[in-house]
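Participant: Below is a structure I'd like to ask you about.
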Amino acid sequence: HRSVVNLLDALEDTVYAGCGPGLVVTLNAPLFFDASVKMWVQLLKGRALCVVPEEAHLDADRMLALLRRHRVDVLDCTPTQLRLLLDQGLGTADVPLSRVLVGGEAIDAATWTRLASFPRIAFYNLYGPTECTVDATACRVESGAPSIGRPLANVQVHVLDTRRNPVPVGAAGELY
């Protein structure tokens, strides 16, 4: 339970900084999938969940209609789903989103650059291996190269070689 509470607090300090209760956030992952945890815990902060039906997951028009109808503030999705939504007009003024949490797969450089061009919506790249409680790092998408960002509060990340020794800054290794 401690790690779930830590995730909630860490997201509050990064992604939700300056936000109060009352936001509408999507529950866009099945409950058995770890990504759902970071969204349903938002109930503890007084936020509402908009449960995304399965038929809207890969239908951009249905998803955009849902976001408009329920006045969703925060969307959680994969880069694949996000690209479909962007192609259908996600960045337009009639979609009320203020934040988009992106995770589950890498964001390519072209999508990163595209996301950085939307000043009205804050996009966050969240990374977390299966072994942790959902997310371990966060990075607001801004100009520059794609990044997984920095560790969330009370999370440590290490880049190690094949013998599990730390590698020098800039050297390739495995993320632990």
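Participant: Which ones in the stretch 130-167 are open to solvent by 30 Å² or more (accessible area, probe 1.4 Å) and of a type in the set (Ser, Thr, Tyr)?
Facilitator: Answer for the stretch 130-167, where residues must be open to solvent by 30 Å² or more (accessible area, probe 1.4 Å) and of a type in the set (Ser, Thr, Tyr): Thr130, Thr133, Ser143, Ser147, Thr162.
Participant: Now for a separate question. For the stretch 147-164, give me each residue that is closer than 20 Å to Ala17 by Cβ, touching a strand residue (DSSP E or B) at 6+ places or on another chain (Cβ under 8 Å) and part of a loop (DSSP other than H, G, I, E, B).
Facilitator: Of everything in the stretch 147-164, those that are closer than 20 Å to Ala17 by Cβ, touching a strand residue (DSSP E or B) at 6+ places or on another chain (Cβ under 8 Å) and part of a loop (DSSP other than H, G, I, E, B) turn out to be Ser147, Ile148, Gly149, Leu152, Val155.
Participant: Exactly one of (1) modelled with pLDDT of 95 or more; (2) touching a Gly at 6+ places or on another chain (Cβ under 9 Å); (3) over 20 Å from Asp108 (Cα atoms) is unmet by Arg163. Its number?
Facilitator: Here Arg163 meets the rest and fails (2).
Participant: When both residues are 6+ apart or on different chains and their Cβ atoms are under 7 Å apart, which pairs have a first residue that lies in the stretch 63-75 and is closer than 14 Å to Val100 by Cα, and a second that is assigned to a helix (DSSP H, G or I) and of a type in the set (A, V, I, L, M, F, W, C)?
Facilitator: Met63/Ala56; Met63/Leu85; Leu64/Leu85; Leu75/Leu67
Participant: Give the stretch 21-50 a look and list any residue that's open to solvent by less than 20 Å² (accessible area, probe 1.4 Å), modelled with pLDDT of 95 or more and touching a Gly at 6+ places or on another chain (Cβ under 8 Å), or say none.
Facilitator: Within the stretch 21-50, Arg47 is the sole residue that qualifies.
Participant: Under 8 Å between Cβ atoms, at least 6 apart or on separate chains: pull out the pairs that start in the stretch 163-176 with a residue that is within 19 Å of Thr130 (Cβ to Cβ) and of a type in the set (Phe, Trp, Tyr) and end on any residue that is open to solvent by less than 70 Å² (accessible area, probe 1.4 Å) and assigned to a strand (DSSP E or B).
Facilitator: Close Cβ pairs satisfying both conditions: Tyr176/Val159; Tyr176/Leu160.
Participant: Would you mind stating whether Gly91 is closer than 22 Å to Ala10 by Cβ and surrounded by 14 or more Cβ atoms within 10 Å (Cβ to Cβ)? Give the steps one after another, and end with the answer.
Facilitator: Details: closer than 22 Å to Ala10 by Cβ: no; surrounded by 14 or more Cβ atoms within 10 Å (Cβ to Cβ): yes.
So Gly91 fails the test.
Participant: Still on this model: Go through (1) modelled with pLDDT of 95 or more; (2) not polar (S, T, N, Q); (3) not in a strand (DSSP E or B) for Gly144 and report which single condition fails.
Facilitator: (1)
Participant: Go over the candidates Arg62, Arg71, Arg99 one by one and state the one that is out of contact with any Pro (no Cβ under 7 Å at 6 or more places or on another chain), of a type outside the set (Ser, Thr, Tyr) and open to solvent by 50 Å² or more (accessible area, probe 1.4 Å).
Facilitator: Arg62
Participant: Name the residue, out of Ala60, Ala136, that is in contact (Cβ under 8 Å) with a residue 12 or more places away in the chain and touching a strand residue (DSSP E or B) at 6+ places or on another chain (Cβ under 7 Å).
Facilitator: Ala136
Participant: Continuing with the same structure: Report yes if Gly104 is surrounded by 20 or more Cβ atoms within 10 Å (Cβ to Cβ) and under 21 Å from Val37 (Cβ atoms), otherwise no.
Facilitator: Values: surrounded by 20 or more Cβ atoms within 10 Å (Cβ to Cβ): no; under 21 Å from Val37 (Cβ atoms): yes.
Spelling it out, it is not the case that Gly104 is surrounded by 20 or more Cβ atoms within 10 Å (Cβ to Cβ) and under 21 Å from Val37 (Cβ atoms).
Participant: For the structure I just gave you, tell me whether Ser3 is of a type in the set (Ser, Thr, Tyr), open to solvent by 50 Å² or more (accessible area, probe 1.4 Å) and part of a helix (DSSP H, G or I).
Facilitator: So Ser3 passes the test.
The values are calculated or read from the model by the stated rules, or taken from the named source; none is laboratory data. Just so it is clear, the model here is predicted, and its values are computed rather than measured. Virtual Cβ from ideal backbone geometry, glycine too; neighbours counted across all protein chains shown. Protein only, heavy atoms only, side chains kept; ligands, DNA and RNA dropped before computing areas. Shrake-Rupley method; radii C 1.70, N 1.55, O 1.52, S 1.80 Å.
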